[in-house]
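Colleague: Submitted below is the structure of interest, expressed as structure tokens.
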Amino acid sequence: MKWEGNRESDNVEDRRDEGGGGGGGSPIFGGRSIGIGTIVIALVGGWVLGINPLTILGLLSGGGPPAQVQQQPQGPAHRPPADDTMARFVSTVLADTEDVWQGVFRQGGGTYQEPRLVLFRGSTPTACGAGQAAMGPFYCPADQKVYIDLGFYETLKNRLGAPGDFAQAYVIAHEVGHHVQNLLGISGKMDQMRGRVSKTEYNALSVRLELQADCFAGVWAHHAQAARKILEQGDVEEAMNAAAKIGDDALQRAGGGRVVPESFTHGSSAQRQRWFNNGLQNGSVKGCDTFSARNL
């Protein structure tokens with residue numbers, strides 16, 4: 001992936017020199033985090049009610065601007081050191097997602113509100129409760145922040161068998177995809193419906209949410225490639241491999257258990273690859289409507 005020398009984001013907050021903390025303040029958005037490898041405690045109300053939330057969004061229809069969400073006041077970010085290569089990489093990928101989504105939202109008549117990305121070690125307080133490295137990277141809708149312990153990348157490479165810088169970029173883009181869902185009002189509709197359907201239905205909706213975030217990651221890659229030619233040989237394969245390694249079926253097999261589709265919360269390896277590739281090929285937010293798709 002070609003990233004050296006590109007713009008770095010100002011929205012990276014480095015907490016790695018701080019001690020691990022407990023839970024954050026009172027959550028304002030249901031207090032649930034959404035991650036690339038964690039269970040989503042939320043439901044898509046529009047889908048349950050028979051109303052596809054994506055069909056009423058100005059970003060997709062060319063009408064009014066996307067829904068806005070509550071912003072929490074934030075002080076200046078504690079920037080990572082300039083000589084930290086991995087932190088620079090993360091900052092550069094985040095900046096690239098900012099550039100892409102600003103353009104996409106602008107084209108739809110809206111304004112993109114940039115998330116903040118927090119680097120931490122072990123644990124850290126969030127508005128969604130205590131964030132733990134063991135959860136993997138995650139997004140907290142309540143404070144509009146992506147959280148990542150960079151040690152996850154070693155796990156991704158050595159334990160899950162998904163090396164490569166573009167695989168790492170895919171992880172960030174997926175979490176930013178959850179931020180886009182938050183801005184579009186999808187996360188809010190989900191939280192409103194929490195607890196109103198069965199666990200099986202709940203898991204099925206969680207899968208659709210995660211696959212949509214995978215598709216949004218592909219949308220980012222499509223536009224970044226068109227604008228800045230960031231892809232090198234083997235990059236797409238790295239991302240597809242990472243998507244396969246973190247599929248629910250692959251993780252269940254790796255854990256020594258049997259595959260139980262009813263328990264899936266993120267989607268199978270094939271589904272995650274398919275939706276990332278869908279976004280990558282089409283670059284269309286509307287094409288990422290997993291909630292209307294009959295076949296995932």
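Derivation of every value follows stated rules applied to the coordinates shown; laboratory data play no part. Quick caveat: nothing in here was measured; it's all calculated off a predicted structure. As a convention, Cβ positions derive from the backbone with ideal geometry for all residues, glycine included, and neighbour counts pool all protein chains shown.
Colleague: To the nearest 0.05, what FRET efficiency results for ARG79 and GLU154 with a Förster distance of 25 Å applied to their C-beta separation?
Modeller: FRET efficiency, ARG79 to GLU154: 0.60.
Colleague: A further question on this structure: Report the Cα-based extents of the range 131-255 along its three principal axes, largest first, to the nearest Å.
Modeller: Result, largest extent first: 46, 38, 24 Å.
Colleague: Okay, moving on. Say the cut-off is 28 Å between C-alpha atoms; which of LYS199/LYS245; LYS229/LYS286; LYS157/LYS199; LYS157/LYS229; LYS189/LYS229 go over it?
Modeller: LYS157/LYS199; LYS189/LYS229
Colleague: Using label points projected 7 Å from each Cα along Cα→Cβ, tell me how many nm separate ARG121 and ARG253, to one decimal.
Modeller: In this crude spin-label approximation the distance works out to 3.6 nm.
Colleague: Would you kindly state how much longer the chain becomes between ASP17 and LEU231 on full extension, computed as 0.36 nm times their sequence separation minus their alpha carbon distance, in nm to one decimal?
Modeller: On the way: separation 214, 0.36 × 214 = 77.04 nm, distance 3.29 nm.
That pair, ASP17 and LEU231, stretches by 73.7 nm at full extension.
Colleague: Pop a pseudo-label 7 angstrom from the Cα along the beta-carbon direction at both GLU262 and ALA293 and give the gap in nm to one decimal.
Modeller: Inter-label distance under the simple model: 2.4 nm.
Colleague: Describe numerically, in nm with one decimal, the distance between label points set 7 Å from Cα along Cα→Cβ at LYS286 and at ASP10.
Modeller: Modelled inter-label distance: 3.5 nm.
Colleague: Let me ask something else about it. On a straight-distance basis, which aspartates and glutamates could pair with LYS2 in a cross-link, Cα separation under 13 angstrom, same-chain partners fewer than 8 positions away excluded?
Modeller: In chain and number order, the partners are ASP96, ASP165, GLU232, ASP235.
Colleague: Sticking with this structure for a sec: Report, in debye and to the nearest 20, how large the dipole of the range 169-296 comes out about its Cα centre when Lys and Arg carry +1 and Asp and Glu carry -1 on their Cβ.
Modeller: So the dipole magnitude of the range 169-296 works out to roughly 320 debye.
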